[in-house]
Amino acid sequence: MQSVYFDNMIVGVLALQGAFVEHIRYFHDAVKEGKLTHYGIKFVEVKTVEQLRKCHALVIPGGESTSISYIAERTGLLGELRDFCSRKPVWGTCAGLIFLSNQIENGNPGQKCLGGLDISVVRNAFGRQSDLFQQSCNFSLFARGLSHFRAVFIRAPVVNEINVLQPSREVVGPATLSANGITVNFAAASEEPVKVLYALKGGLVVAVRQGKTLGTSFHPELSGDSSFHGWFLKEFVIPGARIPAQCQSQTWQVE
Ligand SMILES: *[C@@H]1O[C@H](CO)[C@@H](O)[C@H](O)[C@H]1NC(C)=O
């Protein structure tokens, strides 16, 4: 039985560079396959501040993290993206995970990050020999039913440190550190701690979550399987749906 139609959710995919078309296609498949059509979620490309402001959640795709950072800066999106990350659900894949971090261990000169996740990352962490590989991963500890997910890694980053805070000129929160008599304030991306969702053999961290922010170093939009996108919608996007007033008094059921 489907009795509610939520026509209020827009998921944006940052479309400055990289694999944004694939994400949108996988979301459409996930909606069909996960029987989520009654939520009326729309998926849009985001290239401008105006488009971003209409979104309830955002995906930052894989691509080239330096280019995404430069284009975001040039188009005046950087500040707006940082603000968005502090308030709404965001998922970064591969280059998107790098862009979402607080610190890039081997970043290019001038490469910026958004500070949406209190982590440090290493770009191209697997070396030239393993530019591209895929692996079946059992994600069922955090995503029900995803016990054989084909994760595709392309010049993938890894998370090399978690709970790395960002130096801030503003006084934020209670976290202060005294070094040489100077008080430096550190800003946390969220009240929530960073949780490691998945690590490969050898402990390489490839999926993390901090509250409503998700980062994966692999490309679920190239796996041939939309179930990871479905999980993101159910776990991060749909819980934020406002139930239209006319529906609040009705009994309603979702699958
Ligand atoms: C996946 O992990 C879960 C939880 O640890 C376990 O119960 C299940 O048997 C695993 N499935 C596969 C296919 O390895």
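A 1.4 Å probe run over the stretch 1-94, with the rest of the protein chains in place, finds 42 Å² accessible per residue.
Beyond 20 Å, what share of the Cα-Cα pairs of the stretch 15-74 remains, rounded to the nearest whole percent? Kindly include the intermediate steps, with their values, before the conclusion.
Working: 563 of 1770 pairs.
Considering the stretch 15-74, 32 percent of its Cα-Cα pairs are separated by more than 20 Å.
Cross-link pairs exceeding 23 Å between alpha carbons, from the set Lys112/Lys234; Lys54/Lys234; Lys42/Lys88; Lys47/Lys88; Lys112/Lys201: Lys112/Lys234; Lys112/Lys201. Counted by Cβ distance under 12 Å from Leu146, the other residues give a net charge of +1, where Lys and Arg count +1 and Asp and Glu count -1. Each 5 Å bin from 0 upward holds the following percent of the Cα-Cα pairs of the stretch 14-154: 2, 9, 16, 21, 21, 16, 10, 4, 1, 0.
Once you reduce the stretch 187-232 and the stretch 35-53 to the center of their Cα atoms, the two points are 21 Å from each other. Taking 7 Å steps out from each Cα toward its Cβ at Glu33 and Arg82 produces label points 3.8 nm apart.
The values are calculated or read from the model by the stated rules, or taken from the named source; none is laboratory data. Being a predicted model, the structure only gives us computed values, none of them experimental. Please note: Cβ atoms are built from the backbone with ideal geometry, for glycine as well, and neighbour counts cover all protein chains shown. Quick note on the areas: whole protein, heavy atoms, side chains included, nothing else; ligands and nucleic acids left out. Shrake-Rupley method; radii C 1.70, N 1.55, O 1.52, S 1.80 Å.
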